[in-house]
Amino acid sequence: MSSPKSVCQQPIVPATYAEFRSWLLRYVEDVWGLPENFNDEMDIDFEVLGMDSLEAHMMASLLEDEYGITFEPMLIVDHKTLNSLAKYCTDVA
């Protein structure tokens, strides 16, 4: 059995940018709902939604279960928007 990927390895998430962004959008929609005027070109600021440390830990736990990785909740704090987090975690330049 292989060990989970470390957060120090890039990419962090074994998915494409589009796949991971889609996962993040589903998560946001399930927890907060998408903004009324949302379109696929928009970015979403986690802090504006109301992301707190508890929610960041819950999200990280779900990401670990979904992708079989180790995911530090601080990455959500460091990468404050959905697109920024998706780019960083999938190593999109």
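Odds and ends about this structure:
- Residue that is nearest to residue 67 (Cα to Cα), among those in the range 19-50 that are in a helix (DSSP H, G or I) and either in contact with a Cys (Cβ under 7 Å, 6 or more places away or on another chain) or of a type in the set (Val, Ile, Thr) (or both): 20
- Annotation: of all residues in the range 14-49 being surrounded by 16 or more Cβ atoms within 10 Å (Cβ to Cβ) and touching a Lys or Arg at 6+ places or on another chain (Cβ under 8 Å), the one that is nearest to residue 88 (Cα to Cα) is 17.
- Scan the range 52-93 for residues that are within 13 Å of residue 11 (Cα to Cα), open to solvent by 80 Å² or more (accessible area, probe 1.4 Å) and in a loop (DSSP other than H, G, I, E, B) and the total you get is 2.
The values are calculated or read from the model by the stated rules, or taken from the named source; none is laboratory data. What you see is a predicted model, and the numbers here were worked out from it, not measured in a lab. All Cβ positions, glycine included, derive from the backbone under ideal geometry; neighbour counts span all protein chains shown. All accessible areas refer to the heavy atoms of the entire protein, side chains included, with ligands and DNA or RNA removed. Shrake-Rupley method; radii C 1.70, N 1.55, O 1.52, S 1.80 Å.
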